[in-house]
Every structure is written in C-alpha cells, then in structure tokens.
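Working notes, structure below.
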Amino acid sequence: MKLVASISQGLEKEGAQELIELGAHGVKASRRCIRFEADLACVYRLHLRSRLAFRFLREIARFPCIGPLELFGGIQSSIDLENWLLPNKSFRVDVTGFGEGLSHTHYTALQVKNAIIDLQRERWGLRSSIDLKNPDICFHLHLANNEAVFSVDASTSSLHRRGYRPAVGMAPIKETLASGLMRMTGWDGTNNLVDPLCGSGTFLIEAVNTLLGIASGLDRQFLFENWPDFDISIWDRELKMAKKRRTFNGKLPKIIGCEYDTFIANSAIDNVRKAGLENYIKIINCPFQEYKLPTGLGLLICNPPYGKRLGDENQLPSLYKQLGEYCKKHASGWELWLLNGNPELSKYIGMKANRRFQVNNGSIDCRWLNYKIK
C-alpha cells in the first residue's frame, strides 16, 4: 500500500532512514513528508516503533480536483463503502491544503462528509455519525496542484504524544522532534548526556527510550483495527516484538538534566517517572552554573529560550554567554548541541559552530548547532 509520513521540517533525511530500518520500501523524502510503500506488518510496526513521524496516512485514492463538484464526485467514486464505512461506524474528516473553490479546510471537510453521507443514504437509507474525538474511521484529504489525495489515518491524534508527558514546561519541544534531533547527534550511550536547561526532560527521555528500544506506541489505540484488511495475527506478532527491549551491553553513563525552576524540575521528575526511566535519568533542581559535570566525556544538549515563545529577549544574551563560558570552563573535550531559534543569540555562545542543520520547531525556523568544545 502507498503511505505518506508527516514529519518536522529538517528531519526528513533521518525520518526516511528510520522508515527504511523499520521495513518501508520505495522511500522518497520531500519537504515535511516522506512517501513510501509498506505491507500490513510494516504499517503496524511503524505505528508502534517509529519515533520521528507524527502521522502516517494510507492512500485510498487520488483524483483530479479543480472544484467542489469534482471533489464531491471523486469521493463518491473512490470510496468502497461496504469495506470502509458501514452506517454503524462513525467517522471524521481532516483536510490539509487548498484547491480551486476549496480555500477553507472546514468547508472542504464538509463537502467530503456530505459526499460520503449522501452515498450511504442512497445505498442503505442510513448514515454514519460524526465523531471528532474517537471515530471508528479517520479520513484525510489533501489538496494540491489540482489533485486530491484521499487517505485514512490510523491515529486520532499526533503520534508525538507518547503519554509520558502530562507535565510540560512553558514551551515544550515535541517528542518527535526531540527524538530526531537526538538521532542526529549520534549519541549511542557510551558517553555522558547532560541537558543543562532540561525543562520537561524530553530530550533525555527520548534519548534513553531510543537507546533501550522502548516502543513509542505501545499504550495507544489504533484505528487500523477497524480497517477491512486488519490482520489480528500479524498485529499480535508485531506487538509482541515491539514489547521486547533492546539489550544494552555495558553500564549506562550519567544522564542528567538541570532545571533551575523548582516547579518545572518537579514536572520533569514526574515525566521521567511516568516514562519508567527513573533508574536511568536524574533531574537536578539547580542552575547549570552550579552543576559539576560527571567525569569522562559526553554531550551537552539543550533547547534554551529564544525570546519567541518564552524568555525576555533582552535578558537572553546573558544566558547564552553564561552557557558558552560554562562549556569552555567545565566541558573541554565535550560536544554541545543547541537548538537555536534566534540567530542573534547564538553569537553570545562565544564559540563557532562545527555543524548546523536547519529544522523547524513548530512554526519557528531553527538551527540545530553542534560545537566541539575545546
């Protein structure tokens, strides 16, 4: 079957590699999405174990679409109601993109809904109910270049919501983005890992979950159980495999998060505990300036405020300067990975970035900067 993965801008290369590792074929990455092919086993595996994509859409049909009438007819001719949507099943329609005469996603979704309901009434005299929160089937329509792509989604919400983070900081980084950024660092558990501005602890939790092979989707309910070709035997096999943890040879290094705000530090501790990682990650309630790094080498990772959603931009130069001074004084031989959404602030680090990658943190254009600390 043909699918597309939605992913944060800047993670497309890493996301494509993850899909290949999990069994996808014909993988082609483009801006914020990755197209690929997969069998049922791979689809189940991706929903259980992928850490970078926040949505997978399975294509049902695609057709030319230059207006509402073509959309209405295209939906009715492309959907196999007997298999996909009997009247006793509820559904929801999500829409992305725009087309001729279809410039408002709510209006477009209404057109799709009406096309489906009218067809049901014509065939059975009955119609499905709409359920926005917990539908049996979640349809997705994407419009672009006078074409409509009609798909189904196996999840009612974004896959970045892992379930371990009921408590978040003021401007939390999404779990999918944190996982992708950690993957880019190449951290493999042989060196220490310290987040001097850890906030909700997301970087550290995603890093350890990845290292231990803890599947991200174990506690979710997926809508593919309502798909006509759902195979319980294949699903049970993939679920059993996903529950196995990776064997880590050797002792884990120190994995530490520093957070000066007591309330946020306690929230991070709760998040670590909910993730079941309290034996691996330690959260310390103190300013990073007061923390003594563990012996040996390692990575410093952080997502400091940029003054866009959090922090007074006039006070932030001092924070970045102190972070740079701390690194040069206490972390010689280490690496610093810093997510920066304000290029005017990174110069206060006082070091030249060795590598930089463009990524988006939500709507904010950022750089994932790598420094070799001398």
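The values are calculated or read from the model by the stated rules, or taken from the named source; none is laboratory data. What you see is a predicted model; the values in this text were computed from it and never measured. Ideal geometry is used to build each Cβ from the backbone, glycine not excepted, and the neighbour counts take in all protein chains shown.
Summary table below
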read-out	value
Test result for Y260, more than 20 Å from A207 (Cβ to Cβ), surrounded by 22 or more Cβ atoms within 10 Å (Cβ to Cβ) and hydroxyl-bearing (S, T, Y)	no
Qualifying residue in region 30-50 (condition: without any contact (Cβ under 8 Å) to a residue 24 or more places away in the chain, surrounded by 15 or more Cβ atoms within 10 Å (Cβ to Cβ) and touching a strand residue (DSSP E or B) at 6+ places or on another chain (Cβ under 6 Å))	no
Helices (runs of 4 or more DSSP H) (entirely within region 60-154) containing at least 2 residues that are within 23 Å of Q221 (Cα to Cα), within 29 Å of the chain's Cα centre (by Cα) and in contact (Cβ under 8 Å) with a residue 40 or more places away in the chain	none
Subset tally (residues that are farther than 19 Å from I214 by Cα, within 23 Å of the chain's Cα centre (by Cα) and of a type outside the set (A, V, I, L, M, F, W, C)) for region 261-289	1
Test result for L319, surrounded by 14 or more Cβ atoms within 10 Å (Cβ to Cβ) and more than 25 Å from G180 (Cα to Cα)	yes
Hey, R220 under 15 Å from the mean Cα position of the chain (by Cα), buried (at least 21 other Cβ atoms within 10 Å of the Cβ) and assigned to a loop (DSSP other than H, G, I, E, B) or not	no
Test result for I117, buried (at least 18 other Cβ atoms within 10 Å of the Cβ), out of contact with any helix residue (DSSP H, G or I) (no Cβ under 6 Å at 6 or more places or on another chain), of a type outside the set (S, T, N, Q) and over 26 Å from S6 (Cα atoms)	yes
Candidates T190, T96, T176, T185, filtered to the one that is of a type in the set (S, T, N, Q) and within 28 Å of P68 (Cβ to Cβ)	T96
Residues satisfying the stated conditions in region 173-213, i.e. surrounded by fewer than 24 Cβ atoms within 10 Å (Cβ to Cβ), under 18 Å from E335 (Cα atoms) and in contact with a Ser or Thr (Cβ under 8 Å, 6 or more places away or on another chain)	R183
Residue in region 55-70 that is small (G, A, S) and surrounded by 15 or more Cβ atoms within 10 Å (Cβ to Cβ) present	no
Neighbours by Cβ (under 9 Å, 6+ apart or cross-chain): first from region 242-266, under 21 Å from N303 (Cβ atoms) and outside any helix (DSSP H, G or I); second of a type in the set (G, A, S) and at pLDDT below 90	E259/G169; D261/G169
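Every residue, every condition in (1) touching a Leu at 6+ places or on another chain (Cβ under 7 Å); (2) at pLDDT below 95; (3) closer than 23 Å to D153 by Cβ; (4) β-branched (V, I, T), yes or no:
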residue: P172; (1), (2), (3), (4): no, yes, no, no
residue: I205; (1), (2), (3), (4): yes, no, no, yes
residue: R220; (1), (2), (3), (4): no, yes, yes, no
residue: L223; (1), (2), (3), (4): no, no, yes, no
residue: S233; (1), (2), (3), (4): no, no, no, no
